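*Asks:* Quick one: the structure is below, and I'll ask about it shortly.
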Amino acid sequence: MLSNMALLDILIYPDPRLHIQARSVERVDSRIQTLIEDMSETMYAAPGIGLAAPQVNVLERIIIIDISESKDSLLVMVNPEIIDIEGSAEQEEGCLSVPGIYAQINRGEEIRVRAQNKEGKPFELVAEGLLSVCIQHEIDHLNGKVFVDYLSHLKRDRIKKKMLKTQRNA
């Protein structure tokens, strides 16, 4: 089973494709399920705790998250939508598309989300803490937003220059 999975290339900021809005998934079929498997393989290998389809250059509304220590609690959300946000909390965030960069970002403390699972069945979820932060971060990717977009122009320009220099030297 593992042999037919593929590691996908993760787009690195400031790649302009990271700022394109993803479209809704019409049908959860075998193509989407294969994409979810490839995304999870890619996320675990990175290693990361969340990945959105646009980060692997697939402009569809799919996110995966696993904040467990054991890396065996994959949460798949197809067409996720935040329907309620309560409170606000600041937490340090990082991103597989912005490697080595971390910043304090303010997000909703508790959220209610509606989505479909990897079989296409609808569900709702209330999340807080790290899970809440991850879901909001990954949904931002679906909307063409990267966490550094919350930072000042000065900080963002510094990060952009650093990322471009790193890519040139790679």
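*Asks:* Scattering from the C-alpha atoms of the chain alone, worked out with Debye: what is log10 I(q)/I(0) at q = 0.11 1/Å?
*Replies:* -0.44
*Asks:* Straight-line reach from Lys160: which aspartates and glutamates have Cα under 12 Å away, leaving out those fewer than 8 places along the same chain?
*Replies:* Asp15, Asp149
*Asks:* Run lengths n ≥ 4 of DSSP H only: what is the helix-derived mean residue ellipticity at 222 nm for the chain, with -39500 (n - 2.57) per run over all residues, to the nearest 500?
*Replies:* Calculated at 222 nm, the ellipticity per residue is -9000 deg cm²/dmol.
*Asks:* Then there's this: Taking the Cα centre of each part, how many Å lie between region 95-115 and region 1-75?
*Replies:* The two parts, judged by their Cα centres, are 16 Å apart.
Each reported figure results from applying straightforward, stated rules to the coordinates on display, with no laboratory input. Keep in mind it's a predicted model, so treat the numbers as computed, not measured.
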